Each structure stands twice: as C-alpha cells, then as structure tokens.
1. Just give me the residues in segment B:58-74 being away from every other protein chain (no Cβ under 11 Å) and not in a loop (DSSP other than H, G, I, E, B), in sequence order.
2. Would you tally the residues in segment A:300-312 being under 21 Å from residue A:449 (Cβ atoms) and of a type outside the set (A, V, I, L, M, F, W, C)?
3. Of the residues B:98, B:104, which is in the same structural domain as residue B:20 (by TED's automatic domain parsing) and either in a loop (DSSP other than H, G, I, E, B) or in contact with a Cys (Cβ under 6 Å, 6 or more places away or on another chain) (or both)?
4. Those residues that are part of a helix (DSSP H, G or I), in contact with a His (Cβ under 8 Å, 6 or more places away or on another chain) and surrounded by fewer than 17 Cβ atoms within 10 Å (Cβ to Cβ), I need them from segment B:18-46; list them, please.
5. Among the residues of segment B:54-64, count how many are more than 20 Å from residue B:133 (Cα to Cα) and modelled with pLDDT under 85.
6. Pick from A:250, A:234: which is farther than 16 Å from residue A:313 by Cα and modelled with pLDDT under 95?
7. In segment B:183-211, which residue that is open to solvent by 30 Å² or more (accessible area, probe 1.4 Å) and touching a helix residue (DSSP H, G or I) at 6+ places or on another chain (Cβ under 7 Å) is nearest to the other protein chains (Cβ to nearest Cβ)?
8. Please give the number of the condition residue A:440 fails out of (1) surrounded by fewer than 17 Cβ atoms within 10 Å (Cβ to Cβ); (2) within 12 Å of chain B (Cβ to nearest Cβ); (3) at pLDDT 90 or above.
Amino acid sequence: MISIILLSGFGIINLFVGFLKSKRILLPLSLLFLAIVFGINLLDWNDTKSYFDNMITIDNFAVAFTGIMVLSTLLILPFTQHYITRNDENIGELYALILFSLVGAIMMVSYNNMLMLFIGIEILSIAMYVLAGSDKQSMRSAEAALKYFLMGSFFTGVMLFGIVMVYGATGTFNIAEIAGSAEALGTGGVNNVMFMLGVLIIIIGISFKVSAAPFHFWTPDVYEGTPTVWTAYMSTVVKTAGVAAFYKLMDAAFAASYPGWMPTLVAIIVLSLLIGNVGAVVQQSMKRMLAYSSISHAGYLLMTLLAFNNLSTSAILFYSFAYSTASIAAFGVLQLVSRQRQSENYEAFNGLGKTNPLLAFSVAVAMLSLAGIPLTAGFFGKFFVFSALIEQPNMMWLIVVAVILAAVGIYYYFRVVIAMYLHPVAEGHTAIKSTSFINAMLIIITALTILLGIAPALLSGVL
Amino acid sequence: MITALLLFWPALAALLVLLIKGEGAKKVAFIATLVEFAIALFATVNFVPDATTQFAIDTPWVERAGIGFSIGMDGISLLMVLLTTFLVPLIVLSSFKHDYKNPHVFYALVLFMQTGLIGVFVSMDAFLFYFFWEVALIPIYFIAAIWGGARRIPVTFKFFIYTIFGSLFMLAAFIYLYFQTAGTELAAHSSNVNAFYQLTMDSATQSWIFWFLFLAFAIKMPVFPFHTWQPDTYTESPTQATMLLAGIMLKMGIYGVIRWLLPVVPLGVSQWADTVLVLSIIGIIYGSIIAIRQHDLKRLIAYSSIAHVGLIAAGIFTLNEQGLQGGMIQMLSHGINVVGLFFIIDIIFRRTNTREISNLGGITQTTPALSIMFLILLMGSVALPLTNGFIGEFLLLSSVFQYNYIFGAVAGMTIILAAVYMLRMFQGVMFGTKSEATESFADLTFHEKAVLIPLVIMVFWIGLFPNTFLSISEPAVGQLLSIINR
C-alpha cells in the first residue's frame, strides 16, 4: 500500500525536478525512487491487509507482481539515458508519467473491486498514451499515440460496459461477492444472459490491454511508432499487469463460470499464438517482429488462465519476468542500434557479434529465452505454463498447438542471431556506441536470464 | 561425485579456454579433453558391472515441482560416456592443422558441447535429460553455422529448427508423463527415470506418447523419413562439427530410445515396432542406394550413416537382448568408424581441395600409412569379421532375423550394399592413376597418425574382444528388458 502512495509522491517530485535547469539528476533520482519502492514493497510479504473499505488487498500475489514490475521498470529506465545526456526539454514529465503508470499497474494486481481494476487500467493507460507520443519530432510516434488512445479508450469503454452488466446481474463490484452471487445464480451464472455477456465483454476489454488476438490490431503499429524504450515498458510491465489482473479476475470472480467463458478464452489463445507467431515470421523489421512476438507471448501467458491450480500464479510470475528481462534486453539494444543505423530491420544487426560482442551476446541470450530454449529463463517459463495446463482435462491438444507454434517462433528469433553472428558487417557500419552504464545493465539482465534458466527455483518457489 | 566432475569439467574448461586468445586455446582444450577421458577411465575402473546406477547424485533442482538433479551411470550410460570422452580429444586433435578464426570460441563451444552430451547420457531425470538435450544442440549449431561451408546459414538453420521441433514434442510428452506419476500434490510428482518406468497407462495413451517421443529421437538419429536435414548439414559443417554430429550426437537419439522410450511406453512400442522396423529398413536400403550414387565423399559417408543408423534402430526395436546389445556395441563402432572416415576425407580435402571422387585417384602410390588406416576403418564400416562393425551388425541382424526373417533378409542387404559403395569409393580415391589434384600427395603427418592410430586400435579391440564392452552394458540391458516385459 505504501508503495502506491510513495510512487505517486515520487512522481510529483519528478515533475518539479523537471523544472531544474540541469535535468541530469532525474534518472538517478527515479532509479533511487524505484529501489526504495521495491524494498518497501517487500515489507508487506506474508502480511495480507485490505485498504480503502476493502477496495484493495495487498497479499503475496500483489507483492510478488509489484516486485517484478518495479524491477522491470528499474531495468528499463537506464535506456532513457540519451534523454538525459541531450538534456531534452520537458523530460521531467516522462519520468513522472512512468511512475504514475506504475501506480496504475500496482492497482491492477492488488484490486479487490472491479472499480479499482478499471481505475488502475485507466491510470496505466493514460500515461502510456502520452509516452507513446512522447517523440514529438516523429510522425510515427504521433500516429502511434493517436491510434493507441482511440482504440484504447474505446476498449476501456467496452470493458466498463461489461463491468456494469456484471454489476447488474450480481449487484456488487467486489470480486469475492461477485463469485458468491454467481453461485447463487446457479451453475456459476452460465445461464444468466446478462452476467455471461458481461463476463465475455470484460474478457474482450482486457484482451485488448494484453494485446491478445483478435484484439491485437493496434499492437504492431503502436509498438513501431512508440519510442523504443517505452515500447519495452509497454510489452513488459503493461503486459504483466494485464495478465495478472486478468488471472485474478477469472480466479476470484468468475472461476465458477469456467464452462461459460472457457471456449472464448481458448479461441483467443489459439488466435494469439497463431497470428503472433505466423505474423512475426514475415516481418522485416525487428521491432515489428517483437510486436508480433508479444502477441504470441500473450497467448502463452493466457494459457495459465485455463488452469486454476497452485502452479498457475507462479507460472504467470515466472513467465512474465522471463519475458520481461528478455524483452528489455532486445528492445534496449534495438534502441541503440536503430538510433545509430537509422534502421530497425534485421540488416541493421548484421555483424553485431563482431563489432559489439556484449550487445550481441545479450540479444542472443534474449532471443534464446524468448524462443524458450534451455539454459535460459524462457524455457522454464514455457515449462511452467505447459505444466500448469496439462493437469486440466482435454487440453493436451492446446499444448500441442502451442508447442508447434513455439517451434515456428524459433525461426524468427534466430534470424536476429544469424544476422548478428553469421552475416558480415555492412560497409560503413562501425561499432554501436554504448555507455558503460548501459553495458552494466545488459550484463545484469543477461545474468538474470541465465541464472533463472539454471536455478528456476529462485523465482518459481516464491508464490 | 565423479559423475558431476565428468559433467562440469568440460564446461569449466570451456570458460577457461574462452579467456585464452590465440593458438594456446587448442592445446588447453586438448589437455582438458584428455583429463576428461582420464576421469572417464577412472570411473570405468571403479565401475561394478551390475545393473545398478552408480556414482549417483540426487539433489533437488526445482524442489517445488519434485524435479531432481539426478545424475548417475549404469552400464549403458557408461559406454556412451566412454565413447564421448574417447572421441572428443581426437576430434580436438584432428583440428590442430586447421586455422579457425577465433579459436578460443571454437574450442570453448566444443567443450561446452561435451558437457551437454555427457549430461544427456548421465541424466536420470526426464527434465534434466531434456535440458541437456537442448544444451548440446546450441554449441553445435554455432560451430556449424559460423565455421561451416558456403551454404552453411540456411542448412544449419534447417537442422536447428528441425531438431527443436522434434524435441518440443518430447518435452510435451515428458510433462504429461510427469503428471501421471503418483501423487496429487505437485511436489509429490516425480520426473525420475524410475518413476517413469513404474507408470502403467492404457495402450491408446502409450501409443501417442510413443510418437511424441519417437519423433524427437527419430529426427536426431535420423531415421527415414526424418533424415532430410542430415546430408546437407554433414556436408556443410566443418569436419569437427560433422564428427561431433555423426560420431556422438546421433547416439543421443538412439540412447534416448533405449532409456526413455522402450521401457516407458512398452505397449506403445509393441504396437508400433513393426512400423519402426519397416521405416528403419527402408532407411537402410535408401541410404545405401543413394550412397552408391554420390560423387562427394562427405555426402557419401553421410548417407552411409543413415543406413548404419537404420540398422541400429531396427535392432533395438526388436526388443531382444541381442538387438539391444548389438545396438550398444554398434553405437561405439559407428562412432569410431565414422569419425575416422570423416577425418580421412578431411585429410584428402586439405591436400587436394576437392572431395569429388572423379577428381581423385592413385593416392595409394605414395601413402602407405594413410592407405592402411583408411582400409581398416573402411573394413570396419563394411563389417568385415575381426573388425568392430562385424560384431555389431552380426548381433543386430541376427536379432532382426529372430523378429521376422523377411525383415532380416532385406536388412541383411546392408552388408552387400555397404561393400559396394565403400569399395567403390576406395577404388576411386586411392587406386587408379594419379590425377592433377593428387599429383604430390604426402603421407600422414605425426598429428594425423596420432588421431588415426587410436581409432584403428579400437576397430580391432572391439572386433577381437567385444566382451570388454558388452560385459559393461549386459546387466543394465538385461534389467531394461525385464522392465520392458513387465
């Protein structure tokens, strides 16, 4: 709870620091704030408490997800270093917004009431709309912001509509009470038209937020237009918060109506896996490829929602974090490469293994992790997700589909590795300039990915 | 303890080699692999020839899910470890005359690969096995893709995707089996090999699990019709990678069948054994006939390898002791022969810059040592009595005969066909008149002899005293059969 208040306060401080002449202090200050929040958040471990008239509950689930989201943000922020060195105007706002959006993300993992979920999503989203358009020189960035905003607000509207219908059927916003009322409706409310319609509409609304197909149409364009460092945030923290919120909702409120919404969710998962993986194959731009891959990873993550067992939450936690570390490394290096070579295509990575061994190695590990190959965290992510699902009867076919499409994924992830290590350096391409701070961050991220790939118990045993 | 040493020493050495820039790397790598071989010999000396898993270590790895870091060696594992640790130093030594770019990375990858291979052979936990199975793939992919020939990028990429595709099915099957083991709580499940052996499932379930597992192993071996990645990959890879692939890595697939397929889903095996035997025998004939038509030496050996592996697969799926023991001994023989043959092709290629049979000829006139060694390895491959190939192929063929005499008769063609393509190759390369390319062909150097002599010794050792090796695996194979026939 304190972390929400602290983050809001720190965001406001950042806004004021932004008025200073030299803005160099912003980055270290934000990192310090995040470190403080990370530490304080952990104090709530094993100490479940409810706040605001039972609107928010801070339990271990919330603490664990808050932890990995704050940590991911900590790892992303160093890649904003170029804002600081250029001493751009108005960057205080960006650092404030990122903290504010984190407040929304924390609310999404600790809500106990549908209204708090809605407010959390809105706080997160509005900050993201602004960050998507934060590169004012770029038309693409403006387009991304507009697209994201229009589509995003439409789907939030849709979701609100669903929440209202569920309220109409059950008379409450509290997720525990909704579950109770659904029981009272008989067979988990499956036969109550208003209730089920509301549930399905909410599923559609959140699916948009986690960029699951067929509500993914905004993803490639918005990811491509958004400044890369915020794309990294979008595909990691926003997705983690979205999936965690989704799971919590389905588990706490709609578990009894499982037969009613299961087919819809299965369709969403299959489509996400299919569109994400197949779409990524044909891309020429690495950034668009990562956008499609993020759709497919939404599919893998949502598979845990079909299985309510004691492995589901730790599967989401592990998968999200594995996916986050890999994405941050990929987007981080992509940002450095594309800024210097003015291209986000695979060719820009040609020969990176020779010119910048460290950058290339961290991207290679990230790609292996995204592809789910052992020795990296991504393997155990997929492993836990499949394990969680396999106990569910009649879901073996879905795992087979996921496995086949995971093999497709290896194709496009390896194109990057091949470009880096097997293609010669293009003429006129010199080594990518990177700072020692960013190098250090990449080493930490890569070490984390490998560490979790060897000793997964460090994180999987948490929840 | 000794298993852990075997497992981690190459990885440690790989890190060490990474730090050494320049030519020192290959010497350090060679010494490291020799040390590894010494450790394996030490283990063999201390090995008690019974059916138990020895030198075992079993500590929790992912404790919450009941997954253990269980390693150990029974006779089957030990033979594979011996093969690996024997061949890798020779493979490293065979590269001494090559000037690979970034040698420290090259040798580090070879050593790293060795850890993966050993890991596959000593894992007694399904997920650990899968883990090392993939760990072994990554270094070999990079070795082949970075130091390979002109078409290396698409070819190795195909190899990589193909094998990963298969192994993902294996993973899915393992996860399913894992949840079939006793226990309702997550931590009560087990992925230990013995827990898998105790599973009882109806035959429909076993049937699909069989195919999930078999797909992974069949691609790795490769069994017809899953072999299409193999000839190109063998041809385009640098010689050392080809040796690793053909000499050791394809044994991962056969070993996987013996350890993780036959005893785990015996009902599935009995349903599909006929199909697999037919596929394997098609592979034998198909590989041999195509080998006869090859002009490129490396491709010829690649196709001959499909034929030899086909016979091993046919033998072990007959599920009798001769077949399994024959498979074990033939794995050793094939590893030794194929590494030797690929090395000789490499020697010829480096002196003449060609692998086309039609461009070669008359090499025997100036090279007594090379000719003798080549002939011996070749005879081993053709399964002439007194050589190693004879023991394995005899046992395998007799097991196939016992299973079904028609299968046996067709599979027996392998000996005739092998003689055809091997002798045709030898004739074209070594005899006849000298060509432009072989005008000034020098005999073996000291290094080359150092690689070939141990291999030739092993050809005769296995050929004359096969019991040295058969007795190691016999109790373990017997126990495996009793589990299969439970």
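1. Hits for segment B:58-74 are B:58, B:59, B:68, B:70, B:71, B:72, B:73.
2. 2
3. Answer to the selection: B:98.
4. Across segment B:18-46, the qualifying residues are B:18, B:19.
5. Selection size over segment B:54-64: 2.
6. Result of the check over A:250, A:234: A:234.
7. My answer is B:187.
8. (2)
The values are calculated or read from the model by the stated rules, or taken from the named source; none is laboratory data. Everything numeric here is computed off the predicted structure, so don't read it as measured data. Cβ coordinates were reconstructed from backbone atoms using ideal geometry, including for glycine residues, and neighbour counts include every protein chain displayed. What goes into the accessible areas is simple: the full protein's heavy atoms, side chains included, and nothing from ligands, DNA or RNA. Shrake-Rupley method; radii C 1.70, N 1.55, O 1.52, S 1.80 Å.
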